[in-house]
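Have a look at the structure below, then the notes.
The values are calculated or read from the model by the stated rules, or taken from the named source; none is laboratory data. Note that the structure is predicted; figures quoted are calculated from it, not measured. Reconstructed Cβ throughout: ideal geometry from the backbone, glycine too, with neighbour counts over all protein chains shown. Ligands, DNA and RNA are excluded from the accessible area calculation, which covers all protein heavy atoms including side chains. Shrake-Rupley method; radii C 1.70, N 1.55, O 1.52, S 1.80 Å.
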Amino acid sequence: MPGIGVVVNPHAGNNRRRPDHVRRFEKIVGPHGIVRVTPDLAAIEEVARELADARVDIVAVCGGDGTHFRTLSALRRAYGNDTLPLFLPLRAGTMNYIARSIGCIHGRPEHVLAHVVRDYRHGRTHDVVERHLLLVNDEHAGFVVGCGVIVNYLQLYYSEPRPGPVTAIRLIARLITSAFAGTSLVRGVFRRVEADIDCDDERVPFRTFTVILGGTVTHIALGFKPMYLAARKRHHFHLLAGPIGPLRLARKIIRFRRGFPLEEPEFYDNLARSVTIRFAVPTRFMMDGDILDPVPALALKTGPLISMIRG
């Protein structure tokens, strides 16, 4: 029996508060799996190769959404063209929107893992949902990518002394207030990105953008569901892009959160198979909550389907 591989990011918020997670996970999986700690990117690559060599049936990742994309990227490289194992996202970050988006059962990571391990030991079928990975520059494999507002917001959020859902909600409230008051806070977050975007060989009809967001899952942080089409059609992802201003977005924030079309003339909203973004100057982008170094261009396309365990 190949077993279960558990990957633990010791820097994730919940794991820092619960340093006994590794010991608990080792006790839960017992002889049916292995537990590995990944303190840096090099360790993630090494563990991914170990799991590929062992041909594990399930990979459980205990970390934030960024840890999930880093691990999936390394697993894709390690597995090559082979089918990836079942993926179990364990909630240990501050947002955990990947687990939320697919409807993972709630509970502490050790409780969710114990539930899945019990089913595995008894040969029971897991509750599984399939999603495409979103590939970025054929290097990163995750679920959500963004530029513009999302990156600027995250930079503010990560600069806060106590990141978390309460801090994120307060920051959004400050931005909405700033949008109606026209203060410098919202102007800084809504700095425009100059780029040419081609979606399936169709030029997106804007030259500057405040929002560029694409994903194969519906949710982002705090229950926002902007990519409402993400799971609609195989081999496609949802692309949102445009120069929409802060006041117009603030007035439709409820629609943006609940997953309804904004119906704005300055907003491109469509399904895509592949997208090319060419920036006027190298630009930072976000992948599953992690901010990555500036790049001159982004090539987005749907990757392989991955089966994720909900419970």
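Some points to look at:
- Of the listed requirements (1) open to solvent by less than 30 Å² (accessible area, probe 1.4 Å); (2) touching a helix residue (DSSP H, G or I) at 6+ places or on another chain (Cβ under 8 Å), residue 185 misses just one: (1).
- Of everything listed in (1) within 17 Å of residue 190 (Cα to Cα); (2) charged (D, E, K, R); (3) at pLDDT below 95, the single unmet condition for residue 284 is (3).
- Of the residues making up the stretch 67-81, those that are open to solvent by 10 Å² or more (accessible area, probe 1.4 Å) and in contact (Cβ under 8 Å) with a residue 24 or more places away in the chain number 6.
- Every condition in (1) surrounded by 12 or more Cβ atoms within 10 Å (Cβ to Cβ); (2) of a type in the set (D, E, K, R); (3) modelled with pLDDT under 90 is met by residue 46 except one, and the failing one is (3).
- Scan the stretch 191-218 for residues that are open to solvent by 30 Å² or more (accessible area, probe 1.4 Å) and either closer than 23 Å to residue 155 by Cα or assigned to a loop (DSSP other than H, G, I, E, B) (or both) and the total you get is 9.
- For the stretch 126-141, a residue qualifies if it is under 16 Å from residue 309 (Cα atoms) and not charged (D, E, K, R), and the qualifying residues are 126, 128, 129, 132, 133.
- The strands (runs of 3 or more DSSP E) found entirely in the stretch 224-289 that carry 3 or more residues being touching a residue at least 12 places away in the same chain (Cβ under 8 Å) and β-branched (Val, Ile, Thr) are 274-287.
- Screening residue 306 on (1) open to solvent by 20 Å² or more (accessible area, probe 1.4 Å); (2) of a type in the set (Val, Ile, Thr); (3) over 19 Å from residue 147 (Cβ atoms) shows it passes everything except condition (1).
- All conditions in (1) open to solvent by less than 60 Å² (accessible area, probe 1.4 Å); (2) not in a helix (DSSP H, G or I) hold for residue 19, with the sole exception of (1).
- Residue within the stretch 123-146 that is closer than 26 Å to residue 210 by Cβ, in contact with a strand residue (DSSP E or B) (Cβ under 7 Å, 6 or more places away or on another chain) and open to solvent by 20 Å² or more (accessible area, probe 1.4 Å) present: yes
Conditions (1) under 25 Å from residue 98 (Cβ atoms); (2) among the small types (Gly, Ala, Ser); (3) touching a strand residue (DSSP E or B) at 6+ places or on another chain (Cβ under 8 Å), marked per residue:
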residue: 185; (1), (2), (3): no, no, no
residue: 189; (1), (2), (3): yes, no, no
residue: 194; (1), (2), (3): no, no, yes
residue: 198; (1), (2), (3): no, no, yes
residue: 206; (1), (2), (3): no, no, yes
residue: 210; (1), (2), (3): yes, no, yes
residue: 214; (1), (2), (3): yes, yes, yes
residue: 221; (1), (2), (3): yes, yes, no
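- Test: residue in the stretch 64-82 that is on the phi < 0 side of the Ramachandran plot, at pLDDT 95 or above and either among the polar types (S, T, N, Q) or not in a helix (DSSP H, G or I) (or both): yes
- The condition of being open to solvent by 20 Å² or more (accessible area, probe 1.4 Å), assigned to a helix (DSSP H, G or I), in contact with a helix residue (DSSP H, G or I) (Cβ under 7 Å, 6 or more places away or on another chain) and at pLDDT 90 or above holds for only one of 173, 114, that being 114.
- Taking the stretch 1-16 as the range and being more than 10 Å from residue 92 (Cα to Cα), open to solvent by 70 Å² or more (accessible area, probe 1.4 Å) and not in a loop (DSSP other than H, G, I, E, B) as the test, no residue passes.
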